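Beneath this line is the structure, given in structure tokens, with notes to follow.
The values are calculated or read from the model by the stated rules, or taken from the named source; none is laboratory data. Keep in mind that what you see is a predicted model, and the values were worked out from it rather than measured. Virtual Cβ from ideal backbone geometry, glycine too; neighbours counted across all protein chains shown. When the accessible area is computed, the model is the full protein with side chains, heavy atoms only, and any ligands, DNA or RNA have been set aside. Shrake-Rupley method; radii C 1.70, N 1.55, O 1.52, S 1.80 Å.
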Amino acid sequence: MSLLDGIKINKAISTLLESADPRDVDVVSAIAKLKDIGRSAVPRLIDALAESPNNAFIENILVSLLDNKSLAEYMDAITDTDRSLVTSIARIL
């Protein structure tokens, strides 16, 4: 992951955490950016999910990014001590 991708990921996640309107142009753009960046966004999305449990935007993106190559990230998260994160990850899987 490049430095620029890291900045884009952080900015997109911030947008998702700040908005509750799925029709907001910024939210739609943030979701598209995260999906375009792909698997490298998974660890930061999981961290954001820990900070904002039950965030539907983040959960949906994590569902779309789940594949055989990213599964290890999800498995690490499901063993976390944070029960709300474990519950969210279990729901995603």
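Going by the structure shown, is ILE92 open to solvent by less than 50 Å² (accessible area, probe 1.4 Å) and more than 20 Å from LYS8 (Cβ to Cβ)?
When the stated conditions are applied, ILE92 passes them.
Selection within segment 14-23: residues that are open to solvent by less than 60 Å² (accessible area, probe 1.4 Å) and part of a helix (DSSP H, G or I). The member of this set that is farthest from ALA77 (Cα to Cα) is THR15. For ALA30, the criteria (1) in a helix (DSSP H, G or I); (2) free of Cβ contacts under 8 Å to residues at least 40 places away in the same chain; (3) open to solvent by 10 Å² or more (accessible area, probe 1.4 Å) hold in every case but one, which is (3).
Is it fair to say LYS11 is of a type outside the set (Phe, Trp, Tyr), touching a helix residue (DSSP H, G or I) at 6+ places or on another chain (Cβ under 7 Å) and open to solvent by 90 Å² or more (accessible area, probe 1.4 Å)? The answer is no for LYS11.
For the subset of segment 39-85 comprising residues that are farther than 19 Å from SER14 by Cβ and acidic (Asp, Glu), which member is least open to solvent (accessible area, probe 1.4 Å)? Once the filter is applied, the top-ranked residue is ASP82.
Quick grid of which residues meet (1) among the hydrophobic types (A, V, I, L, M, F, W, C); (2) within 8 Å of the chain's Cα centre (by Cα); (3) closer than 14 Å to GLU73 by Cα:
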position	(1), (2), (3)
VAL25	yes, no, no
LYS33	no, no, no
LEU49	yes, yes, yes
VAL63	yes, no, yes
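Could you identify the single residue in ASP26, ASP36, ASP21, ASP47 that is charged (D, E, K, R) and either touching a strand residue (DSSP E or B) at 6+ places or on another chain (Cβ under 7 Å) or farther than 23 Å from LEU3 by Cα (or both)?
Residue meeting the stated conditions: ASP21.
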